[in-house]
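The values are calculated or read from the model by the stated rules, or taken from the named source; none is laboratory data. Quantities reported herein were computed from a predicted structural model and do not represent experimental measurements. Cβ placement follows ideal geometry from the backbone for every residue including glycine, while neighbour counts extend to all protein chains displayed.
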Amino acid sequence: MKGIRARLIVQISVLLLMIVLLLEGLFILSVRAYYFSSATETLTTRAVTSATFFNKFLEGYELEDRARYILENLTPEEYARIEVLDPDGKIVIDSFGFASPVTVQTQDVNIALNGGTGTYIGRTPMFDERILAVSIPLKNLGSIIGVLRFSVSAEPLYDTVFKIALNAIAVGLFVILLGFGLSLIIAKRIVDPIEELTRIAKQMATGNFAARAVKQHEDEVGTLAETLNYMSEELSKNEKLKNDFISTVSHELRTPLTSIKGWGETLIVGGLEDEEESLLGLEVITGETNRLIGLVEELLDFSKFQSGEMRLNFQPSDLRGLLEDVEHQYSYRQNTKHIELRVDIPDQPLLVTCDRDRLKQVLVNLIDNAFKFTPPYGAIQLTAGRTDRHISLTVSDNGEGIAPEDLVRVGEKFFKGKSKQSGSGLGLAICKEIIQLHGGRLQIESELQQGTRVTVELPLSDTGE
């Protein structure tokens, strides 16, 4: 009884049994009522007709005379037992010509003595059989002088009803057996797909995310199969994401740590006598440490986005100030890299409701990427503009660009394409998350060996009109 199959079979069988028993009972009661009501109606009609005739044409006759007349005029085809009773219920004469001191006190006789037409179905002690009786009052000048009683054996009726009931029970048993067989089929059709889904789920639990459930029907189980397949795909993606994460982090951590360790050992072994070499080593260590700090910050941001714990501090802000900060921040780097950074700041306000620090993180990431992929003596352009609804920030360069097959995947977590430049592959993914949390969008356009253009659109603040 613990399985769905057993519960389905038991519940369907019990329900079917209850329905069959109810219908069988109603049918048998209906058949019994039909046969007995038909027999009673026929017998009542004959009794009423006879009593009416005798009351009309034998008026003035005493009860004994009427009884003899009734007995003498019985037809040979008469199958009913006819009795004439006195007011005390004693049999004055019956169809066989006998009188009896036995008092008949059944309900039909009592009703007839009170002026009605009484019927009775029950057992008679005289013959020890079940009978059907109808009693009609015999009247003389309006007074009841006796009772005319017609009775027949009810045993044939009971036998007929019993045979019909047996046939009905046999049909009911057949229906129950048929229903039980159908319940087995129904339970199998319901449980087998569920068992298949359970088997697939167990395979997924062991790490086999390639397993797929087969959708057999357009029903709840079919929807469950689709959901299970969707879950398997998501688990597979997460598994790949986890593997990419471990691979990327391992590689990106190893490179700067190796440099730091190497220069640290060099400085220890060589001492600090060579000032130029010592400064070079410290510069490398500082740069690689900054790379590690940036990587750790990216990983922390990525973790927050994945867990839904990233919270932004939205404040009304004019982005022109942010653009000026970025321009000052890169004024030294553009000279050392021999790459020109041009920042176009419009005169009109660029008012948005944003987290200023997070937007700066986005711009810094985009400009860092532009510096990373733009050759010396190239150019990077940061422009801003506004429409009636949006403010756009665009970072464009004339660097190496992105291959078309990589462009569609740029922004995916840990995707680095064919680039040999260092990085975790999380920067653009985090930028997209930040812009989406601002209600905006980030769009990337690129052509190989021609450059890249990244556009950020943010909704204009209500106070920006």
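Just one of the listed residues (SER232, SER236) is crowded, with 16+ Cβ neighbours inside 10 Å, modelled with pLDDT of 75 or more and either under 19 Å from ALA205 (Cβ atoms) or under 34 Å from the mean Cα position of the chain (by Cα) (or both), namely SER232. Take the conditions (1) closer than 15 Å to PHE36 by Cβ; (2) crowded, with 16+ Cβ neighbours inside 10 Å; (3) of a type outside the set (A, V, I, L, M, F, W, C); GLY122 misses just one of them, which is (2).
Within the stretch 324-345, residues that are assigned by TED's automatic domain parsing to the domain that holds PHE373 reach partners that are part of a loop (DSSP other than H, G, I, E, B) and surrounded by 12 or more Cβ atoms within 10 Å (Cβ to Cβ) with beta carbons closer than 6 Å, at six or more positions or on different chains, in the pairs ILE339/THR374; ILE339/GLY378; LEU341/TYR330.
Consider PHE27 carefully, then state whether it is free of Cβ contacts under 8 Å to residues at least 12 places away in the same chain and either surrounded by fewer than 18 Cβ atoms within 10 Å (Cβ to Cβ) or outside any helix (DSSP H, G or I) (or both). Criteria not met by PHE27.
Scanning the stretch 15-56 for residues that are modelled with pLDDT of 90 or more and of a type in the set (D, E, K, R) turns up GLU24, ARG32, GLU41.
Between ALA403, ALA384, ALA370, ALA379, the distinction of being small (Gly, Ala, Ser) and in contact with a helix residue (DSSP H, G or I) (Cβ under 7 Å, 6 or more places away or on another chain) belongs to ALA384 only.
Summed over the stretch 326-356, residues that are exposed (fewer than 13 other Cβ atoms within 10 Å of the Cβ) and either of a type in the set (A, V, I, L, M, F, W, C) or assigned to a helix (DSSP H, G or I) (or both) total 5.
Kindly check whether there is at least one residue in the stretch 161-169 that is at pLDDT 85 or above, on the phi < 0 side of the Ramachandran plot, in contact with a Ser or Thr (Cβ under 9 Å, 6 or more places away or on another chain) and of a type in the set (S, T, N, Q). For the stretch 161-169, residues at pLDDT 85 or above, on the phi < 0 side of the Ramachandran plot, in contact with a Ser or Thr (Cβ under 9 Å, 6 or more places away or on another chain) and of a type in the set (S, T, N, Q): absent.
Can you confirm whether ALA210 is surrounded by fewer than 15 Cβ atoms within 10 Å (Cβ to Cβ), within 30 Å of ARG409 (Cα to Cα), touching a residue at least 12 places away in the same chain (Cβ under 8 Å) and not assigned by TED's automatic domain parsing to the domain that holds ILE12?
So ALA210 passes the test.
Might you let me know whether the stretch 102-117 holds any residue that is touching a residue at least 60 places away in the same chain (Cβ under 8 Å), surrounded by 11 or more Cβ atoms within 10 Å (Cβ to Cβ) and either of a type in the set (A, V, I, L, M) or not assigned by TED's automatic domain parsing to the domain that holds ALA33 (or both)? So far as the stretch 102-117 goes, no, none of its residues is touching a residue at least 60 places away in the same chain (Cβ under 8 Å), surrounded by 11 or more Cβ atoms within 10 Å (Cβ to Cβ) and either of a type in the set (A, V, I, L, M) or not assigned by TED's automatic domain parsing to the domain that holds ALA33 (or both).
Within the stretch 309-321, none of the residues are in a helix (DSSP H, G or I) and polar (S, T, N, Q).
Only one entry of ARG66, ARG46 meets the criterion of being more than 30 Å from ILE164 (Cβ to Cβ) and either touching a residue at least 24 places away in the same chain (Cβ under 8 Å) or under 48 Å from the mean Cα position of the chain (by Cα) (or both), and that entry is ARG66.
Is it the case, given these coordinates, that ARG333 is within 22 Å of LEU428 (Cα to Cα), of a type in the set (Lys, Arg) and at pLDDT below 90? The answer is yes for ARG333.
Every residue, every condition in (1) farther than 30 Å from VAL362 by Cα; (2) at pLDDT 75 or above, yes or no:
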residue	(1), (2)
SER250	no, no
THR258	no, yes
GLY264	yes, yes
GLU273	yes, no
VAL296	no, yes
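This table checks each residue for (1) in contact with a Gly (Cβ under 9 Å, 6 or more places away or on another chain); (2) modelled with pLDDT under 80; (3) surrounded by 14 or more Cβ atoms within 10 Å (Cβ to Cβ).
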site: SER183; (1), (2), (3): no, no, yes
site: ARG199; (1), (2), (3): no, no, no
site: GLN203; (1), (2), (3): no, no, yes
site: GLU218; (1), (2), (3): no, yes, no
site: GLY222; (1), (2), (3): no, no, yes
